[in-house]
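Report on the following structure.
The values are calculated or read from the model by the stated rules, or taken from the named source; none is laboratory data. Quick caveat: nothing in here was measured; it's all calculated off a predicted structure. Every residue, glycine as well, gets a Cβ built from its backbone with ideal geometry; the counts of neighbours run over all protein chains shown.
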């Protein structure tokens, strides 16, 4: 690994502020013209976290010149997964029967009638309406990603593997062409999806529906 003045500056920064470098030495950048690798991307953290993370790079460039950096940790996340009521599978007959029997006027005599009513209603719902659990780490599906995008990415990955095994001028050109093709297809599908959504809007469309669709197109969670 080549050392230069910039590397020395980073080393001095780590020493002066008592920080840790997570990089393992794996390259994070590939120069396709020179067929060379370098490490311009660094991951820095507090010493208390240094042993809690495993640092590695993604094997696929994902359409970029830099390998995505992945940080894996064994730290537990106590935040529960998001739950959603599955109203289409609810037992509404049982729900109605329980509401009639348990949501009586006697709740008004308790110290906190609103809290008592709310807790009772939630208990009834838990008994009669199933839930679905969604992992908060799972990325939402975007409406524009279709088979054309999937096939373009597959061809780009195949060309990248071939280039890494045999970095010839022919393979470099083929990879650049398929990389540009995948970028164009994805961009086109995004544009088409947005145009189709805009054409469906009317004066009666609710703002909530619009913003929900925008977040979905961007791949953001609600």
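Looking for something more than 27 Å from residue 159 (Cβ to Cβ) and part of a loop (DSSP other than H, G, I, E, B) - is there at least one such residue anywhere in segment 96-103? Yes, the conditions are met somewhere in segment 96-103.
Looking only at residues in segment 198-215 that are in contact with a helix residue (DSSP H, G or I) (Cβ under 9 Å, 6 or more places away or on another chain) and part of a helix (DSSP H, G or I), the one that is farthest from residue 145 (Cα to Cα) is 210. Here the condition is being farther than 30 Å from residue 130 by Cα, out of contact with any helix residue (DSSP H, G or I) (no Cβ under 7 Å at 6 or more places or on another chain) and either modelled with pLDDT of 90 or more or loosely packed, with under 14 Cβ neighbours inside 10 Å (or both); of 89, 6, 76, 30, it holds for 6 alone.
Of the set (1) at negative phi; (2) free of Cβ contacts under 8 Å to residues at least 24 places away in the same chain; (3) assigned to a loop (DSSP other than H, G, I, E, B), all apply to residue 62 but (1). Among the conditions (1) touching a residue at least 12 places away in the same chain (Cβ under 8 Å); (2) assigned to a helix (DSSP H, G or I), the only one that residue 220 does not satisfy is (2).
Scanning segment 150-197 for residues that are outside any helix (DSSP H, G or I) and free of Cβ contacts under 8 Å to residues at least 12 places away in the same chain returns 166, 168.
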